[in-house]
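The values are calculated or read from the model by the stated rules, or taken from the named source; none is laboratory data. Owing to the predicted nature of the structure, the values given are computational and were not obtained by experimental measurement. Glycine gets a Cβ as well: all are built from the backbone with ideal geometry, and neighbour counts include every protein chain shown.
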Amino acid sequence: MERPYDIFGQFFNKLQEEEANMQTVNLMVVGKTGVGKSTLINSVFRENLADTGIGTPVTRHLQKITKPGVPLTLYDTRGLELDQAVQQEIEQEILDEIEARFRVGASEHFIHMLWYCINSGTRRIEAFEIEWIRAFAARLPVIVVLTQSVGKDYKELAKYIRELNLPVKSIHPVLARDYEISDDIVLPAFGLRELVDTTFDCLPEAVRTAFINAQKVNVQRKLETANRAVLPFITAAFAEGYNPLPFADAALLVPTQLAMLARLTVIFGVPINKTLMTSIISAVLGTGGATAIGRTIVANVFKFLPGVGSLIGGTINATTAAIITAALGLAYNQVMAAIVRRIYAGESVSEAEMVALMKTKFSEQMKRGKELLKSGQHEDSGDE
């Protein structure tokens, strides 16, 4: 009897490796008590971090918030509304922490971004806040976030702050949650996507994937990041098929594909549900020993790529290996996007629906690959 090929054990091991290897993005959120920092944090990041994260004191007025499985460290300030002496103490604590992390020398320890939050309802920015923002912006990227932006006051405040010409990356009015004015009138939340996109653009490349994982506002950005992440695995599969693989060895592609699926899962920040993920993956790759999995791959080739040159001699060539891997990755990304959209909307995730979606999207991507292959063969033939 053939020894079972533990495809799912490999996948979940790779998943743990990807999570362990992902750098953490470090974000400092500064603002007075009552400005709405917790609401902002919970609205932008998954897992309601402000409520469920583990808070660890760093200084008297600065705490670090983390949560296992979320590659984000938040630094939150307290006591800004107190007297001038305390404010000066807090400013120095923040600057000292920023400098201390830069002195470590490794970018993963840096504070990568600072959000300075001001309640738009106050219609003012205080002199000490202007001084603080200038001091912080001299050391790291700063975005001014105008919270609770309701009515026209926030527009006037934003205009005033812009005219100060502060050295900040942007000034973003936001309404983190829908605001009920009356039983019949509700102002919809706004500004979070723009805040997420600007933050992403200002972050170092090394921690952008961590930020994409942690944020829940822009699923399209997760999808775009994940689609780009498929490319190196397509290249790897192409290399594996450079010397055509006999059908009997088709399962040799699987380790590359499992590594790809693990990385894509981590990019989306999908909560680990072993039953759901096992069903989604087996819908395309199948289960059982290496021979059975190889047969599933070959069956997909015959089903979606009949008559292409890669099948001559009973082998899978580089192009076919790349098409299969691309189809698998791009289809999986569509399913992951559907899952997180439902989770963030507070809806249930149906295993049967996600399995059906995986099969549909894989079929679509394989057919697209076939058309691209035909187009390439047509161009190579010199036909008009």
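What the table below lists for this structure:
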read-out: Breaking point among (1) farther than 20 Å from Phe211 by Cβ; (2) charged (D, E, K, R); (3) surrounded by 17 or more Cβ atoms within 10 Å (Cβ to Cβ), for Glu47; value: (1)
read-out: Extreme residue, surrounded by the most Cβ atoms within 10 Å (Cβ to Cβ), among residues of segment 13-44 that are of a type in the set (S, T, N, Q) and under 24 Å from Pro141 (Cα atoms); value: Asn26
read-out: Hey, Gln10 at pLDDT 85 or above, surrounded by 13 or more Cβ atoms within 10 Å (Cβ to Cβ) and not assigned by TED's automatic domain parsing to the domain that holds Trp132 or not; value: yes
read-out: Lone qualifier among Val150, Val196, Val230, Val168 - being in a helix (DSSP H, G or I) and either assigned by TED's automatic domain parsing to the domain that holds Arg124 or loosely packed, with under 14 Cβ neighbours inside 10 Å (or both); value: Val196
read-out: Where a residue in segment 20-32 is within 19 Å of Arg124 (Cα to Cα) and in contact (Cβ under 8 Å) with a residue 12 or more places away in the chain and its partner, wherever it lies, is among the aromatic types (Phe, Trp, Tyr) and not in a loop (DSSP other than H, G, I, E, B), with Cβ under 6 Å and at least six apart; value: Val29/Trp115; Val30/Tyr116
read-out: Scan of segment 123-134 for residues that are surrounded by fewer than 15 Cβ atoms within 10 Å (Cβ to Cβ) and of a type outside the set (Gly, Ala, Ser), ordered by number; value: Arg123, Arg124, Glu126, Phe128, Ile130, Glu131, Arg134
read-out: Failed condition for Leu49, given (1) outside the structural domain of Phe128 (by TED's automatic domain parsing); (2) at pLDDT below 95; value: (1)
read-out: Cβ pairs under 7 Å, 6+ apart, first in segment 70-98 and within 18 Å of Ser38 (Cα to Cα), second among the basic types (Lys, Arg); value: Val70/Arg46; Thr73/Lys64; Tyr75/Lys64; Asp76/Lys37; Leu80/Lys32; Glu81/Lys32
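Residues checked against (1) modelled with pLDDT of 95 or more; (2) touching a Gly at 6+ places or on another chain (Cβ under 8 Å):
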residue	(1), (2)
Phe136	yes, no
Ile143	yes, no
Thr147	yes, yes
Asn165	yes, no
Ile171	yes, no
Ala189	no, no
Asp201	yes, no
